[in-house]
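Read the structure below first, then the notes.
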Amino acid sequence: MNKKNNKKPTFLFIGRNSTDGIFSKKNKKLLSDPLDDNNPITVQVLGICSALAITVQLKPAVVMTASVIFVMACSNVIISILRNLIPNRIRIIVFLVVISSLVALVDQFLKAYAYDVSKELSIFIGLIVTNCIVMGRLEAYALGNSVWKSFLDGIGNAIGYGVILILVAFFRELLGSGNLWGMQVVPDFLYESWYVNNGLMLLSPMALITVGIIIWIQRSFNKKLIEKG
Amino acid sequence: MNIRSIVDNLKKPFEKGEKLEKFYPAFDAFETFLFVPNHTAKKGAHIRDAIDLKRVMITVIIALLPALFYGIYNTGYQYLVQTNDSFTTLDAILHGSYKIVPMIAVSYIVGLSIEFLFAIWRGHQVNEGYLVTGLLIPMIMPVDIPLWMVGISVAFAVIIGKEAFGGTGMNILNPALTARAFAFFAYPTYMSGNQVWVSEASNVDGVSGETILGMLAAGNSPEQFGVLEMFVGSIPGSIAETSTLMVLIGAFILIYTGIGSWRIMLGGVIGAAITGLLFNFWGANALMSFDWQNHLIVGGFAFGIVFMATDPVSAAQTIKGKWIYGILVGILCILIRVFNPAYPEGVMLAILLMNVFAPTIDHYVVEANVKRRENRLKTQLKTAR
């Protein structure tokens, strides 16, 4: 193949090291893999602590998901740009600096535009810094891959995390307090006749059990995930 | 025509290659319920006792019956003694059956349907473990709990407590207690307080009832109940746990047939008695100064230690381990009762906690035994030289 013809327009560093198109099959896989086959929560079992803490209601879970998508996409891109400049010995410190500046940004943004949610999420926005998924993807992916790929990987993993978060929050809010997005969905006549909210759904053990049930269902459909014993 | 040939005729469509092959596990469950299975091992010599899992479970159910019947009577008695001036024993039994039989039915229908579904889905045999669990669950619930809550608790216990781990014999936690713990945390207003222990207490004026431990936790002394009443069981409480006398009859059956471990039971009683005695000397609150021997006969302690803690699947397996396990259940039960006013009854949480630790206990008992034998071998080798 002729080298000249193969040259593609590049934006920043996008596609510089690869001959793939922007949305080639490989790149699409970066987005879809973390949703099912390599889900950060149900397969890698990372980021469980925040999945327990902020899934009592749907709204904080959605805000949390959006924040994590932003933080992961940006931090993956930044680290990927800097990847050849970062000395190996202090890479974790560099990661932390990048992630915490981004998290501080999200925190201030929420305080300015969504004060109620920010109060509800309180410490947990700050704790995105310690979310193992963010750090894990930087170390495992962004440090060794091109910018565009790292961006897709960050978005994909954050969505994979968010899907589970929202799913768990959906069931916990619906069964635990009879609401969705803060509005009552279980009709009044049910409460008057016999229905009672399930208090256990509001306690964190039930979040763990819900995640467990999701893993169980996922594995019974996706046979690839079953380890050969 | 005898039963055997009827069963054989019914069996045909379920055999391999036939129409209803998928449902063979369901059929197998009924067949082995009626007859001791005649499948034999193909190779080697095997000697097995005729007492298989089904026979074990039936024995436990027989041991449970005295407590159940007394529970039915007591449910009616607690209600009628507060409303009617005169009533007969029959009235009490009728009222009790009216409340309790539907609960047992719901428990069995929900639990067994789930068991059958899983057996057919996985192609396993239906295990009979649920026969006991299904009877235990209604026996340890408050009498006024709505039936749908019983159903959901049963579903949770069978699916999450048992099937998720692989079915009968694989569960970490006692399924009956899992159901109760689920109901306890999910619907706290129906599982504690002073309105749920006597039938209809929240609907009929003038009927009220609090358990003795509940009164003590609130700082009142249960003066109206004597030691004899606590022992015989004519006190408010969960349906079938009130009567220590009936539980003792069950314990005797279990120990005599060798099905329940006397080590766990005795260990539990020793642990609870010593802890209770020590707290008697301290005596800082009403529960601490409650006599240690009364601690053993009120609440669910007796029922829990005899029927729940001895569950052969979730308890410790080694002989030393059984002692440790039993004693710790006893100690923890009294500790939870005394120190946590939100949980005046501690036996449920004590047994569940020790269920989790039982494999650890066994592991260290086995390791210690390995070490002891290694050392013995070493000294033998030394002397031999």
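Taking the Cα centre of chain A as origin, work out the dipole magnitude from +1 charges on Lys and Arg Cβ and -1 charges on Asp and Glu Cβ, in debye rounded to 20. Display every interim value, and only then the final one.
On the way: 22 positive and 13 negative charges, 322 e Å.
About 1540 debye.
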Report summary line: The size of the Cβ-based charge dipole (Lys, Arg +1; Asp, Glu -1) of the protein assembly as shown about the Cα centre, to the nearest 20 debye, is 4300 debye
Query raised in the report: Between A:L203 and A:Y191, how many nm apart are label points set 7 Å from Cα along the C-beta direction?
Result: 2.3 nm
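Give me A:L127, A:L110 sorted ascending by neighbouring Cβ count inside 10 Å, so fewest comes first. Please list the in-between numbers first.
On the way: A:L127 15, A:L110 19.
Ascending number of Cβ neighbours within 10 Å: A:L127, A:L110.
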Query - Part-to-part distance (alpha-carbon centres) for the range B:161-197 and the range B:243-322, which is given in Å - result: 20 Å
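Once you keep just the Cα pairs under 8 angstrom separated by 6 or more residues, what percentage relative contact order results for the range B:247-385? Walk me through the intermediate numbers first.
Details: 181 pairs, mean separation 36.0, N = 139.
Averaging sequence separation for qualifying contacts and normalising by length gives 26 percent for the range B:247-385.
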Query raised in the report: GNM, chain A, Cα, under 10 Å: largest mean-square fluctuation among A:A207, A:A114, A:A66?
Result: A:A114
Query raised in the report: What longest region of chain A stays clear of trypsin sites (Lys or Arg not before Pro) that DSSP places outside H, G, I, E and B and that have at most 11 other Cβ atoms within 10 Å?
Result: A:8-227
Report summary line: Here the relative contact order (percent) of chain A, from C-alpha pairs under 8 Å and at least 6 apart, is 33 percent
Query raised in the report: Which cross-chain or sequence-distant (5 or more) residues have an amide H under 5 Å from the amide H of A:L180, H modelled 1.01 Å from N in plane?
Result: A:V185
Report task. Please get the size of the charge dipole for chain B, origin at its Cα centre, with Cβ charges of +1 on Lys and Arg and -1 on Asp and Glu, quoted in debye to the nearest 20. Result -> 2340 debye
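Tell me the relative contact order for chain B as a rounded percent, counting alpha carbon contacts under 8 Å between residues six or more apart. Walk me through the intermediate numbers first.
On the way: 580 pairs, mean separation 57.0, N = 385.
Normalised by residue count, the contact order of chain B is 15 percent.
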Report summary line: With x for Gly and Pro, the residue-by-residue ³J(HN,Hα) of the range B:127-137, computed from phi through the Karplus equation 6.51 cos²θ - 1.76 cosθ + 1.60 at θ = phi - 60° and given in whole Hz, is 8, 8, x, 6, 4, 6, 3, x, 7, 5, 4
Query raised in the report: Assuming R0 = 45 Å, what is the FRET efficiency of B:E21 and A:I213, from their Cβ-Cβ distance, to the nearest 0.05?
Result: 0.90
**Report entry** Integer Hz, Karplus 6.51/-1.76/1.60 couplings in order for the range A:145-150, x for Gly and Pro
**Finding:** 9, 5, 4, 4, 4, 5
Query raised in the report: For B:C333, A:C132, A:C74, what's the fewest-to-most ordering of other Cβ within 10 Å of each Cβ?
Result: A:C132, A:C74, B:C333
Query raised in the report: Regarding the range B:46-151, what is the average projected area of its C-alpha convex hull, in nm²?
Result: 8.5 nm²
Query raised in the report: Using the 10 angstrom Cβ neighbour count as an exposure proxy, how do B:K42, B:K322 rank, fewest first?
Result: B:K42, B:K322
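Under the classification rounded if a/c is under 1.5, otherwise prolate if a/b is larger than b/c and oblate if not, where does chain B fall, given a ≥ b ≥ c as square roots of the Cα gyration tensor eigenvalues?
Numbers: a/c = 2.13, a/b = 1.16, b/c = 1.84.
Because a/c hits 1.5 or more and a/b fails to exceed b/c, chain B counts as oblate.
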Query raised in the report: With θ set to phi - 60° and the Karplus curve 6.51 cos²θ - 1.76 cosθ + 1.60, what are the ³J(HN,Hα) couplings of the range A:169-175 in order, to the nearest whole Hz, using x for Gly and Pro?
Result: 5, 4, 5, 5, 6, 5, 7
**Report entry** Extension gain from A:W181 to A:K29, taking 0.36 nm per residue of separation minus the Cα-Cα distance
**Finding:** 51.5 nm
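Given R₀ = 45 Å, what would the calculated FRET efficiency be for B:F339 paired with A:N222, taking r from the Cβ atoms and rounding to 0.05? Don't skip to the answer; put the middle values down first.
Working: r = 46 Å, r/R0 = 1.03.
According to the calculation, E is roughly 0.45.
The numbers here are math on the coordinates, done by the rules we state, and not lab data. Every value quoted in this text rests on a predicted model; they were computed, and no experiment measured them. Every residue, glycine among them, receives a Cβ derived from its backbone with ideal geometry; neighbour counts consider all protein chains shown.
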